[in-house]
Structures are given as C-alpha cells and as structure tokens.
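The values are calculated or read from the model by the stated rules, or taken from the named source; none is laboratory data. Note that the structure is predicted; figures quoted are calculated from it, not measured. Quick reminder, even Gly has a Cβ in these numbers, built from the backbone with ideal geometry, and neighbours come from all protein chains shown. The area values use the complete protein model at the heavy-atom level, side chains included, leaving out ligands, DNA and RNA. Shrake-Rupley method; radii C 1.70, N 1.55, O 1.52, S 1.80 Å.
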Amino acid sequence: MKRLVTQPFINGELDQSPEGSLLPQINPATEEAFTEVRGASLSTLEKAIEGAQQAFEQTWKSFGMRERADVLFAIAAAIRENLEALATLESHNIGKPICDARDEIELGSRIFEYYAGAISKAHGQTLPVAKGGLDLTLREPMGVVAGIVPWNFPFPIACWKVAPALAAGNTVVLKPASISALTALALGQLAHEAGLPAGVLQVIPGPGKEIGEALAQHALIRKISFTGSTESGARIMALAAPEIKRVSLELGGKSPNIVFADADLSKAASQSPLSVFANTGQDCCARSRVFVEASIYDTFVEQFLEATRTLKVGDPLSDETQLGPMVSAAQRSSVESYIESARTEGRTLACGGDRPHAKGYYLNPTVILETETNDRCWKEEIFGPVVCIRRFHDEEDMLREVNDTPYGLSGSIWTQHLAKAIRVARRVESGVLSINTHASVHVEAPFGGYKQSGIGRDLGMHALDGYSEIKNIFIAED
Ligand code: NAD
C-alpha cells in the first residue's frame, strides 16, 4: 500500500470531487481523529454506478473464466502482501485487536482465493422434463451489484460481498460504513493495481441515509447485498421493492449458547466468554444469551467469570490484547444504557459494567445473572461486551425460550451426547450453529440468518447463487 486512500475510488482512480461530506476517522483507543475521508457526493455516486455499468458491459463481461480467476487470485496475493499494513489500519480505525485484525485480513485473502477457484466449479444443470427434448440451465451475471457493509468486520465482510459478486461476473459498487472506510478504499486500489479493470469495483464511502439509500434505489443496481442492522435492512428491502431488485440481507442477532450438564464443562466455560466478548461484543454472532442446565449452573458461572476476568482489555496494537475499545462513544453509551437498565431491574452484575481506562471507548466485559426473559438485556441485540446467563431445568422449556426472539443467526450447543446435539440443533431456529465450539464463519460454508436475521446466504458456493440469474433453456429434439 503506497498511501492511505481517503477519497472515493472509482473508475480506477481517486475521485477528486470536493463535494462529498468529510468523514472523520477516529482511533477509538485515543479518541482522536487521525484522518478524514471524503465521502461520495450524489454526483460521484452517479459517476460510480454508470462507470460500473460500463465496465460490466464493455470489460468484465468479456473476461473469460480463467482471466477472471487470475485477477481474483492476484487480488488475494496483493491483500496478503499488504497484510500487516491493512491490519494496522483496521486496528487504528475501529480499535480491533491487532491479532484479530491480522486474522481478518488473512480471511479476506482466502475469500478471494476461494472464489477464484469457484469460478470453474459453478455450473448449470441438465434437467429431465416431461416434454421430450433437452433442458439446461445457465448461470448469468446480474450486472451492477451494490455491497453495503458495516463497521464491525469491515474488511472480511467487504471481501465476502465483492469476491463472489465478481466471480459470478458482476461489477460492484461497495459502500463501507462512514466510520470504517479505510480498508475498503485500500481494497479498491489494491484490486485495481492487481489487474482488476477500472470500474469493476467502485468504492464509495458516505452516510447510509444519503449515499446508501441513493445507491439502493438507483435504476442500474440489480442487486443489493447488505450487512448491518435489522432496521436498516428493512429500509433497504422497502427501497428495493418498487423495482423488484434482488436483496440479500445479513442482519442482527441475539444468539444462544446452550450448555448441557453433560458438556465438557471446563472447555465450555473457558471458551464461552470470547464467544460473546470477542470484538468487544460488536459481533452479529455474539452468544449473548447463555442457557445453562441447572445442575451445573453454579460451577459454570464460576468458571465463566474466572475466564472473563483473565481477558486482556487494552491497547489494540498490543499482541497481548484480546478486547480493544468499542468503536465509538455513541456505541459505548448505547451499551451502557443496557447495563443501567439491568441495574435498575435489580439484576446481579457479576462482573464488569465499568470502564477500565479513562481514555478510549473501553468497557469491561459485563456478566449479568438472574435476567428475566422480559428484560431489555435478554431480548434486544446489545452489540457490546454484555452477556446474560440463565439456568434451565427442562429441554423443551429451554428451546421455547431460545426461539422466543425475532432473530435467528447463530448459536452454540455444548454436550457430549451426539444424538442430543443433533436433536437440539434441528430445533433451534437459526441459520448457523456450532456444536462444542463457537466457530461460526467458514469461507466454504453458507452464512446467514433465519427470521429477522436476514435473507440469503453469504460465503460458500451458496453465495454464488445470490449473485447469478438462472436462465432455463429448452431445446426441442424434433
Ligand atoms: P447499520 O445498519 O447502521 O449500517 C450498515 C451499513 O449500512 C453502513 O454502511 C451504513 O452506512 C449503511 N446504511 C445505514 N442505513 C442505511 C440506509 N437507510 N440505506 C442504505 N444504507 C444504510 O449497521 P452497523 O451499525 O454498521 O452494524 C451493526 C449491525 O450490523 C448490527 O445489528 C449487527 O448485528 C449487524 N451485522 C450483521 C452481520 C451478519 O452477517 N448478519 C455481520 C455484521 C454486522
């Protein structure tokens, strides 16, 4: 990376328009703005979308399968070559611990490699049909796809929108969140330098309400691939409706962590804190509702608290740090209002609830016990380092409570009883589940939610379906 990209990157160059709003990029660990990004204006957005349409028709469509794969592999290599610089930038920009940031940049690179390889494996079908003849399906690109992404995992989520969309033959207009635009802009430039033709990937930061909505409504946009809050997702769906634009939505969550008495207790208790506190709880998959079988409740809570107290909260640039600051003062205040409501309701704060450092948007991991199912903390997505733990006596009652949420994104089940794990996994209304682990995201496997956690699937070969139109062709035999 030669230098920081702080303007929209469109048509293979930095956009020089002075019109867009200035978006300060604040280091959450120091609370200081270290640079500003020039957001896209509406006229820059127009130029970006038209450029992407032109690049679709005149360039990218004519690239053969191998050429497209070569470019995607080259982007993956460019990301890897710049791993340390990108990770440091992400860490500065959103307070992400540097070790996690490195893993996420590496993940971005693997995503491009996966979809480079996937290009030659995505295929249509030949189908038996009642009428004599040959019926076959083709996958065709859609045109210009909008990718709208959040601030909590800015780089990997941008990659998991862009890579499959390009692999399927589309061009992309990517809108990062205003407070975390830097690595997405760097991706635009790196991809271009790696051989992606001008206009195939346009990166346009800007406020969601203005630039995001204008992008979502534009007549040339054929599909919107969105990750963010359920509220914004609903708005995007409404904006997409008049022109029947395709949408895929990855939204909020309130995921369960179910611990049965026959689980490997020390493993479950020691690993569970990071299943909710990693990324300082700003994770759509955060297992923020823990259900513990009554007979092991006290021991589990004791061990969970012990493991929580060892978590290292501090300077995101230190290799030792496990939890950095929250992304912004506003996000921390919002989380603190949940903690306050738990206090008001008389719940037990077994640890945390306070700020460990005077400077930086830090918040200690917070454990709330004896929550009632009507509590705000139990019901709503908090998006911060707060967990509620409840005990259960009966599997049926527990499952009813697990599913009593508008969300259905992720979750974990801890038991050494295989049949029970499968039985319970089948009953949980959720797009992603992990048994005896908290790993949720795999490049090769579909990721997405049930109910108000979303529509469609990112990652794996499933994602390609969301970026392709299926054309059915019937050939008469006589
Ligand atoms: P957000 O919805 O506020 O913003 C996400 C993106 O959408 C940003 O780029 C924003 O500028 C844009 N945006 C906002 N309003 C818009 C509108 N009306 N029209 C068009 N674009 C708009 O979400 P956030 O606060 O950045 O991220 C946190 C949320 O994202 C949480 O709810 C979290 O659960 C969710 N999330 C989900 C996943 C998943 O894969 N399911 C992953 C990460 C985050």
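Among the lysines, select those whose C-alpha is under 28 Å from the C-alpha of Lys267, and discard any that sit fewer than 8 residues away in the same chain. The qualifying lysines are Lys96, Lys254, Lys312, Lys379, Lys420. Other residues within the sphere of radius under 12 Å centred on the Cβ of Ile244, judged by their own Cβ, net out at +3 (K and R +1, D and E -1). Electrostatic bookkeeping for Leu42 treats Lys and Arg as +1 and Asp and Glu as -1; over the other residues with beta carbon under 15 Å from its beta carbon, the sum is -2. The orientation-averaged projected area of the convex hull spanned by the Cα atoms of the chain comes to 23.9 nm². Relative to the longest principal axis of the Cα atoms of the chain, helix 230-240 runs at roughly 20 degrees. Take the Cβ atoms of Glu396 and Ser266, set R0 to 25 Å, and the FRET efficiency comes out at 0.35. P(r) tail, the stretch 93-238: Cα-Cα pairs separated by more than 21 Å, 48% of all pairs. For Lys471, give me every one of the lysines with a C-alpha distance below 19 angstrom, ignoring sequence neighbours fewer than eight places off in its own chain. Result set, ordered by chain and number: Lys61, Lys121, Lys131, Lys223, Lys245. Peptides 143-155, 285-297 ordered by packing proxy, namely the average of other Cβ atoms within 10 Å per residue, highest first: 143-155, 285-297.
Based on DSSP H segments of at least four residues, each scored -39500 (n - 2.57), the chain has a per-residue ellipticity at 222 nm of -11500 deg cm²/dmol.
Relative intensity of the stretch 256-442 on a log10 scale, I(q)/I(0) at q = 0.11, 0.12, 0.17 Å⁻¹, equals -0.44, -0.53, -1.08, per a Debye sum over C-alpha point scatterers of equal strength in the absence of solvent.
Summing charges over neighbours of Leu14, with a neighbour being any other residue whose Cβ is under 12 Å away from its Cβ, gives +1 when K and R count +1 and D and E count -1.
Starting from 0.36 nm per residue, how many nanometres of slack lie between Asp404 and Glu372 once their C-alpha separation is accounted for?
Result: 10.2 nm gained on full extension.
Summing Cβ point charges (Lys, Arg +1; Asp, Glu -1) relative to the Cα centre of the chain gives a dipole of roughly 520 debye. Just the protein heavy atoms count here, and of the accessible area of the stretch 229-352 at 1.4 Å, carbon and sulfur take up 50 percent. Distance distribution note for the stretch 412-455: the fraction of Cα pairs above 11 angstrom is 67%.
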